[in-house]
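One structure is given here, and the rest of the page talks about it.
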Amino acid sequence: MKRTLTEAQLYSLLESMKLINSTLDLDKLLAIIMQEITINLDADRGTLYIVDETSREIWSKIAQGDKKLEIRQPIGKGISGHVAKTGETINIPDAYKDLRFNPAVDKKSGYRTRSILCIPVLDKTGKIIAVLQILNKKNGRFNKKDQQFASVFADYISLAIQNAQLYQEALERKKLENEIEVAGEIQRMLIPASPPRLDNYELFAYHHPSKFIGGDYYDFFLKPDSLIIILADVAGKGIPAALLMANLQATVHNLLGKYQSNKEIVSLINKHLYSVTTSDKYATLVWGNIKLIDHTFHYITAGHVPPLLFSKNGKSIHSTELPQASIPVGMLPEYEFEEGIVQLHPDDLLLVCSDGITEAQNKKEEMFETERLKQIVRKNYHQSLNAIGDEIIQQVKTFSHGGSYEDDISLVMIRRIS
């Protein structure tokens, strides 16, 4: 159909476009579009349906009292659904004589549909992005001039709809980013800002999530006769891992106030995580307890990177990987975790980290690995823990620059001074 408009129609169209282009709010835009098309076609009412390709539906919002009600229907169903599927323009003079019309809607609402004009709204590539449905021409039926005007109108509103959708998506992304940033601030409050101070020990701790928030968690609990250290790595990244990490942190704090046994606490953590997660959600951890009276380190390694113990042996520095002989917590509820014990001598250095360090990758997809970590500590052994920690983090960053793998990084070091 040739789309030629009269001078009066062109003037009306331009006036409508001024209003339509005055907002980027999608809800307001829908209302303005329907207001303008019904006025210009002297119709009773209309609906603009937006195509949702993800759900294969078309949707719109209608006024219901003071509220906006979202309505949806499958693409291909009903008059508007048919237009969304085929791109065909439909002009029906008598709705009740067309088999595609569903009279149940009228029965439910009490409205009587007589004539229908349904027009596809296309983007510049010809893809259907919306459907314009106008009901009940006030004087007779929709004619060719009405159809011509509606088609041109649909062409003009296409860009306005797309701009409003992009604007809404940008707002939603910004809102999500703000929420994630707040969540990151809350998570940082769950992790100690600095380790405790002890007369006979030097401590260092570092944490850096791969995103705003992450799944690594470390903590210190100083008791009159012991220092408890926990470092955990929840499977996954981002928000899901952070939620489980917060659950783990709360569980640890709750259990520490009630139980003394390391094995009992780790066993209860394991059972709790198993009960609140699915099979693909779990956490590796190192649970350590330094007895301040005899300087023994009692530890449980649950599927985690083994702790490293560095000791002076004459002029050389000897490193030992403490045994890893168990599975992550949250996998088997009745698993019995084994506890190891090692003596800490003066100048001994204990290192616990997440696999974000040992599994960091470079451009060649080579891993940083534990041996490289050992070399850094041995080379800088006589430096302060802060200096050693800074060197480790810097070398991990340098090594992995440009690599495709990125994970949360956590590092805890403890050195017995005397």
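The values are calculated or read from the model by the stated rules, or taken from the named source; none is laboratory data. All values derive from a computational prediction rather than experimental measurement. Here the Cβ positions follow ideal geometry from the backbone for every residue, glycine too, while neighbour counts run over all protein chains shown.
Among residues of region 5-30 that are farther than 12 Å from F149 by Cβ and in the same structural domain as I157 (by TED's automatic domain parsing), those with a Cβ under 9 angstrom from a residue that is assigned to a helix (DSSP H, G or I) and of a type in the set (S, T, Y), sequence gap 6+ or separate chain, pair up as M17/Y156; I20/Y156; L24/Y167; D25/Y167; L26/Y167.
Note on region 99-142: residues that are among the hydroxyl-bearing types (S, T, Y) and within 17 Å of L48 (Cα to Cα) total 2.
Tell me yes or no: at least one residue of region 133-143 is at negative phi, charged (D, E, K, R) and assigned to a strand (DSSP E or B). Yes, region 133-143 has at least one match.
When region 132-156 is filtered for residues that are within 20 Å of Y11 (Cα to Cα), of a type in the set (A, V, I, L, M) and buried (at least 18 other Cβ atoms within 10 Å of the Cβ), the ones remaining, listed by number, are A150, A154.
For I129, the conditions (1) of a type in the set (A, V, I, L, M, F, W, C); (2) in a loop (DSSP other than H, G, I, E, B); (3) closer than 22 Å to A160 by Cβ are fulfilled apart from (2). At pLDDT 95 or above and not in a strand (DSSP E or B): is that true of H298 in this structure? No; evaluated as a whole, the condition is false for this residue. Residues that are in a helix (DSSP H, G or I) and either under 46 Å from the mean Cα position of the chain (by Cα) or exposed (fewer than 11 other Cβ atoms within 10 Å of the Cβ) (or both) within region 4-18 comprise E7, A8, S12, L13, L14, E15, S16, M17, K18, listed in sequence order. The residues of region 55-71 that are in a loop (DSSP other than H, G, I, E, B) and either surrounded by 10 or more Cβ atoms within 10 Å (Cβ to Cβ) or at pLDDT 90 or above (or both), listed by number, are S55, R56. Scanning region 319-351 for residues that are of a type in the set (S, T, N, Q) and more than 18 Å from S261 (Cα to Cα) returns S319, T320, Q324, Q343.
Taken over region 301-325, the criterion of being closer than 17 Å to L273 by Cα and crowded, with 21+ Cβ neighbours inside 10 Å is satisfied by T301, A302, H304. The residues of region 263-281 that are surrounded by fewer than 18 Cβ atoms within 10 Å (Cβ to Cβ), in contact (Cβ under 8 Å) with a residue 24 or more places away in the chain and either assigned to a helix (DSSP H, G or I) or touching a strand residue (DSSP E or B) at 6+ places or on another chain (Cβ under 8 Å) (or both), listed by number, are K263, K271, S275, V276.
Listed by first and then second residue, the pairs with beta-carbon distance under 9 Å, at least 6 apart or on different chains, first residue in region 91-112 and under 17 Å from G76 (Cα atoms), second hydroxyl-bearing (S, T, Y) and at pLDDT below 85, are V105/Y111. For region 224-237, the criterion of being part of a helix (DSSP H, G or I) and either on the phi > 0 side of the Ramachandran plot or assigned by TED's automatic domain parsing to the domain that holds D123 (or both) is met by none of the residues. For region 254-262, the criterion of being assigned by TED's automatic domain parsing to the domain that holds Y206, in contact with a helix residue (DSSP H, G or I) (Cβ under 8 Å, 6 or more places away or on another chain) and within 30 Å of K374 (Cα to Cα) is satisfied by no residue at all. Applying the criterion of at least 1 residues that are under 30 Å from E264 (Cα atoms) to the helices (runs of 4 or more DSSP H) found wholly in region 305-418 leaves 355-358, 369-379. For region 282-295, the tally of residues that are part of a loop (DSSP other than H, G, I, E, B) and buried (at least 20 other Cβ atoms within 10 Å of the Cβ) stands at 1.
Scanning region 21-54 for residues that are surrounded by fewer than 19 Cβ atoms within 10 Å (Cβ to Cβ), more than 34 Å from the chain's Cα centre (by Cα) and not in a helix (DSSP H, G or I) gives D42, D44, R45.
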